[in-house]
Every structure is written in structure tokens, then in C-alpha cells.
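See structure below.
The values are calculated or read from the model by the stated rules, or taken from the named source; none is laboratory data. These figures come from a predicted structure and were not determined experimentally. No Cβ is skipped: glycine too gets one built from the backbone with ideal geometry, and neighbour counts run over all protein chains shown.
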Amino acid sequence: MTAPPPARMPEQAPYATAGVLTPISRDGRRTRTSDLVHDELVAAIRTLRLAPGSCLSETEIAERLHVSRTPVREAIARLADAGLVHVVPQVGTRVGLIRLWDVAEACFVRESLEVSAFEAACRSPALDTGALRDLLDRQEDSYRAGDHDAFFQADEALHAEVFALSGYLRAWQAVQRMKLQLDRLRRLAQPDTASMRDLIDEHRLIVDALSARDAEGGRRLISRHARRALERVPKLCAQYPDYFAD
């Protein structure tokens with residue numbers, strides 16, 4: 001697989017920040033304002049509150065976040081360096097498209113590390129899957145309530161708990177840093193309630209395998225689970241053609 005070409009931007013996209021950004025609150029923290037702005041924009045991009053290809057206005061972002069334009073400009077520069085936004089002089093700034101190359105790479109890294117984490121957790125003498133069972137219940141509740149945000153959060157927490165049980169939680173943090181494009185694709189797929197049901201069922205099988213310390217069975221389940229996102233790509237590309245770059 002060769003590196004992807006530069007992302008293609010849709011012909012038109014509306015300004016998208018109204019109503020989707022949360023005003024910055026420092027809460028006595030010494031974190032730089034530009035870091036807080038950066039984190040809020042990354043979260044909004046990851047969760048599709050800022051859709052691929054949508055236009056960004058420094059002035060509007062500053063007003064929404066209750067900050068000056070300087071930290072917004074600094075945050076956008078960092079996002080541009082990371083390829084999450086594209087700044088075109090005299091034209092404007094837009095949220096980057098979902099890069100399929102990055103999705104495939106994130107799936108590869110996630111599968112590799114999570115299989116290793118599962119195997120390590122199976123060897124833990126103090127293995128306790130109680131927290132995982134609680135998270136399965138949270139997913140069931142959010143699924144029945146149609147709360148996609150809560151479902152996604154429980155999903156993330158469940159996978160993080162597998163890494164925590166392995167003793168290598170920082171490996172999950174490394175996965176988190178590189179899977180933003182994958183998370184955007186997963187969010188696009190979430191309204192599909194059949195897929196959400198399948199995810200819960202797969203999670204339950206993974207937890208059962210961990211409880212049984214079935215490393216071989218867990219390896220197969222996690223590999224299939226991690227590759228599920230790639231199976232959705234053709235359908236999502238057809239449904240949202242202006243959201244993706246090859």
C-alpha cells in the first residue's frame with residue numbers, strides 16, 4: 001500500500017462551529033489556553049461534531065470558546081501540522097477528510113497491540129473482569145436508550161480496561177493518539193443499530209474468553225473485531241462520498 005495523495009476537499013461546506021464547541025474553562029489549571037483549544041477541536045473532530053470538510057473560522061471559534069484569536073490560531077497551526085485541518089491562504093481553513101490509509105494503519109496497530117494486551121491479561125494472576133462486565137451493562141443500557149455518545153464512551157472504556165488488566169495502559173494511550181481517523185469512521189457507522197448490537201455481542205464474547213483465560217480464542221475474536229471497521233468502508237464511502245480521501 002502506497003502513501004495516500006493529498007486530501008480532496010468538497011466543493012462547498014458551511015461554517016460548522018456554531019453549537020458544537022464547548023466554551024473553555026480553565027478551572028485553575030495552568031494548562032496553556034492554546035492547548036485547551038487544541039484539545040476541544042480534536043475532540044470535536046474525533047466525534048464528528050466538526051464534520052469532514054467543514055469550514056472553520058478563527059473568529060467564530062474564538063467566540064464560541066470564549067478565548068482570543070491568538071490561542072485559536074496556535075491550535076489550528078498544530079492541527080494543520082497533524083493533517084487534521086487544511087489551511088489554504090486567501091481561501092480558508094477546513095477540517096480534513098477521513099484518510100483511508102490512516103484508518104487501515106490504525107486498525108493494524110490497534111489489533112496488534114490489543115491482541116498482545118489480551119494475552120498479557122490472561123496471564124495476570126489477579127485477573128478480575130468485573131469492571132468489564134459493568135461496561136457491557138453500560139453498553140446495553142446506552143444501546144437501548146439510543147445514546148450513541150454513551151455507547152461510544154463505554155466502548156472506549158471497555159478496550160482501555162483490557163489494556164489496564166494487561167498492565168500496559170500506556171499502550172492504549174498510544175493507540176488513542178493515532179486512531180482519530182478510525183474513530184471518525186466508527187462514529188459514522190454508529191447509527192446502524194444492527195452493527196451496535198453486533199459490537200456488544202462481540203465484546204461479550206471477548207470478555208468471556210478473557211474470563212476463561214482463553215488466549216487463542218481471544219486472539220481470533222479481537223482480530224475479527226478490530227477489522228470490522230474496514231468492512232464498513234465501502235458502504236460508508238458510498239453513503240458519505242465527500243467525507244473520505246483515498
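Worth a mention:
- Residues in the stretch 212-226 that are more than 25 Å from residue 100 (Cα to Cα) and surrounded by fewer than 15 Cβ atoms within 10 Å (Cβ to Cβ): 212, 213, 216.
- When 59, 47, 33 are screened for being touching a Lys or Arg at 6+ places or on another chain (Cβ under 9 Å), surrounded by fewer than 20 Cβ atoms within 10 Å (Cβ to Cβ) and within 21 Å of residue 226 (Cα to Cα), only 47 passes.
- Exclusive hit being free of Cβ contacts under 8 Å to residues at least 12 places away in the same chain and surrounded by fewer than 19 Cβ atoms within 10 Å (Cβ to Cβ), set 109, 115, 91: 91
- Test result for residue 186, more than 18 Å from residue 162 (Cα to Cα) and either within 18 Å of the chain's Cα centre (by Cα) or surrounded by 14 or more Cβ atoms within 10 Å (Cβ to Cβ) (or both): yes
- Index of the failed condition, residue 24 passing every other in (1) in a loop (DSSP other than H, G, I, E, B); (2) at pLDDT 90 or above: (2)
- Residues in the stretch 121-176 that are closer than 16 Å to residue 199 by Cβ and among the hydroxyl-bearing types (Ser, Thr, Tyr): 2 in all.
- Among (1) under 19 Å from residue 221 (Cβ atoms); (2) surrounded by fewer than 18 Cβ atoms within 10 Å (Cβ to Cβ), the one test that residue 126 misses: (1)
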